[in-house]
1. For the stretch 24-42, give me each residue that is exposed (fewer than 10 other Cβ atoms within 10 Å of the Cβ) and not in a loop (DSSP other than H, G, I, E, B).
2. Examine the stretch 3-16 for a residue that is in contact with a helix residue (DSSP H, G or I) (Cβ under 9 Å, 6 or more places away or on another chain), loosely packed, with under 11 Cβ neighbours inside 10 Å and not in a strand (DSSP E or B), and state whether such a residue exists.
3. So if I check each of LEU86, LEU52, LEU81, which one is surrounded by 12 or more Cβ atoms within 10 Å (Cβ to Cβ) and either of a type outside the set (Ser, Thr, Tyr) or over 27 Å from PRO4 (Cα atoms) (or both)?
4. What are the residue pairs meeting all of these: first residue in the stretch 32-61, first residue under 20 Å from ARG73 (Cβ atoms) and touching a residue at least 12 places away in the same chain (Cβ under 8 Å), second residue in a loop (DSSP other than H, G, I, E, B) and hydrophobic (A, V, I, L, M, F, W, C), Cβ atoms under 8 Å, and 6 or more apart or on different chains?
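Coordinate-derived values only; no laboratory data. Because the structure is predicted, anything quoted here is derived from the model rather than measured. Backbone-built Cβ (ideal geometry, glycine too); neighbour counts: all protein chains shown.
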Amino acid sequence: MKLPIYCPSCEEKLQVAKLTCSTCGTEVSGNYKLPVLMLLDLDDQEFMMEFLLSSGSIKEMAGKMGKSYPTVRNRLDDLILKIKELQNGK
């Protein structure tokens, strides 16, 4: 299940307000921004995870995905652009 990142009412970005320890019940409250990578959709998060587990090898990623090197390279370039836009608040 993906963590909701936008308000269902006004569609603004949500922020984390409380963290809870499932072992002892300790709660930490505040107003925290979500990390940029959590703002990506699930498909992009999974791509990033596979990319890291492939030690950043586009050739290995292409083999795992059954896609051509240029296709994976383009996907990575699109993802880099998306991350830069999220960092800049767009």
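1. Once the filter is applied, which keeps residues that are exposed (fewer than 10 other Cβ atoms within 10 Å of the Cβ) and not in a loop (DSSP other than H, G, I, E, B), the stretch 24-42 yields GLU27, GLY30, ASN31.
2. yes
3. LEU86
4. Qualifying pairs under 8 Å: MET48/LEU40.
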